[in-house]
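Undergrad: Right, I'll just put the structure down here and ask away after.
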Amino acid sequence: MKDTHAEAFAVMRYRCGTCRTEEIIWNSRDGVTPFCVDCRMCGLLAEHVEWSRDRRDPLHDSAPGDRYFRDGMHEEARAILRERLRRCEGTPYEVPEDEWEDVIAATLPQEFRPGWPKLVVRGSDQDTLSPPNAMSGELAQTEAPAPRRSTRDGGEGMIEESGELSFSANDANIPVDIWMDTRLHDRDDDAETR
């Protein structure tokens, strides 16, 4: 069967425009992927680059700690929207809590169509692929190890990074997709006041 999307099962390169970190991310399905994701090192935007180097690999097995795209689930979309509404509390965009379900019901089909891309870490609790070591009979790790990524100079070698992922103090440990949406809205608001 022919793939529907050009990026179906593609292994792709993303590069941060700020810290220049590169990361290889696999699309585990025949679905769209975003042009930008959060940089896992500095939390700012990393763009999909060097599209001509994308390669289709439906059997790719991301290593524990690597990120990949999977289909987002309905309840994850609802949680993202609930968090957006919560973050609007106390602002001019606040929606009364008794109207949240109506707003969510109206927004879900517009923003979160079936097959929407969810970026997850291999080996984390959001990982829905078979356990990384299932074929060898070993138990899969329960905690995601440090991320593997390309070298900053664009080389193909993978290096190990240690430590937990962290973003700016403003993100308050919310999921990156919510954080990025808020950051983009903040930029829009700044542009309007100039």
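Any read-out appearing in this document is the output of simple, stated calculations on the displayed coordinates, not a laboratory observation. Quick caveat, the model's predicted, so the values are computed rather than measured. Note that each Cβ is placed from the backbone with ideal geometry, even for glycine, and that neighbours are counted across all protein chains shown.
Undergrad: Just going by the charge dipole of the range 42-116, with Lys and Arg at +1 and Asp and Glu at -1 on Cβ, which of 77, 115, 104 is farthest out on the positive end?
TA: Highest projection toward the positive end goes to 115.
Undergrad: Taking one equal scatterer on every alpha-carbon of the range 1-55, how large is log10 of I(q)/I(0) by Debye at q = 0.20, 0.29 1/Å?
TA: Treating every Cα as an identical point scatterer, log10 I(q)/I(0) equals -0.66, -1.13.
Undergrad: Can I ask one more? For a bin width of 10 Å, list the pair-distance distribution of the range 1-99 built from all Cα-Cα distances, rounded to whole %.
TA: Whole-percent P(r) values from 0 Å outward: 14, 34, 30, 16, 5, 0.
Undergrad: Suppose every Lys and Arg Cβ carries +1 and every Asp and Glu Cβ carries -1, with no other charges. What dipole size does the range 1-93 come out with about its Cα centre, to the nearest 20 debye?
TA: 200 debye
Undergrad: Can I ask one more? Under 8 Å for C-alpha pairs, at least 6 residues apart: give me the relative contact order for the range 1-97, rounded to a whole percent.
TA: Across the range 1-97, relative contact order equals 27 percent.
Undergrad: Continuing with this model, one more query. Counting only other residues whose beta carbon sits under 13 Å from that of residue 100, what net charge do I get with K and R as +1, D and E as -1?
TA: Its environment carries a net charge of -3.
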